[in-house]
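For reference, the structure discussed in these notes is given below.
Values quoted throughout were computed directly from the atomic coordinates according to the rules given, and no laboratory measurement underlies them. This is a predicted model, so every value here is computed, not measured. So basically every Cβ, Gly included, is an ideal-geometry build from the backbone, and we count neighbours across all protein chains shown.
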Amino acid sequence: MKLKATPLFAMLSLLVFASCDKTEEVTPEPEPVDKTVVFQVFGSQNFSYSQYAEEAITIKLLITRTNRDVADAIETVVFDSTFTMALKEVPVRANRIVIRKTVPAVLDTEENVFIGTGYTYRQNSFGKNQTFPTGQQEKNVELTVY
């Protein structure tokens, strides 16, 4: 009886140890995160007394996202806002216009989030584009009218 149990035990232990040898490494899926852009729009001075105070200024704010792994990826517009006002209505920094927008469920390893700001005044335009940094969840973007 003792001789029959030993080979059976040896075979079972071989099967157990052989199955323990094969470990599969599982890479966790990246977690989507919400990213927030805080736009701050203000003038470098009080334009109320400027000779151009009544002139119109057009301000444009934009957020887009795109898949960075696809060469011809389609850009998705998340936020697009354009507004026009008289130059004298542009507030100074203390009374700035603040607009918070959230870009939901961003996969940092797979997507780029782009932020665009700009204004047009008296046939002159100013614009700036920037990328939302990977790993960051909130970004302040200032648009100063000069």
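What the table shows:
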read-out: Environment charge at residue 61 (Cβ cut-off 14 Å; Lys +1, Arg +1, Asp -1, Glu -1); value: +4
read-out: Kirkwood hydrodynamic radius over Cα pairs of the range 34-91, then Stokes diffusion coefficient at 4 °C and 1.567 mPa s, in µm²/s; value: 92
read-out: Cα-based shape type of the range 32-146, given that a ≥ b ≥ c are square roots of the gyration tensor eigenvalues and the cut on a/c is 1.5; value: prolate
read-out: Mean Cβ count within 10 Å, highest first, over the residues of peptides 71-83, 129-141, 96-108, 37-49; value: 37-49, 96-108, 129-141, 71-83
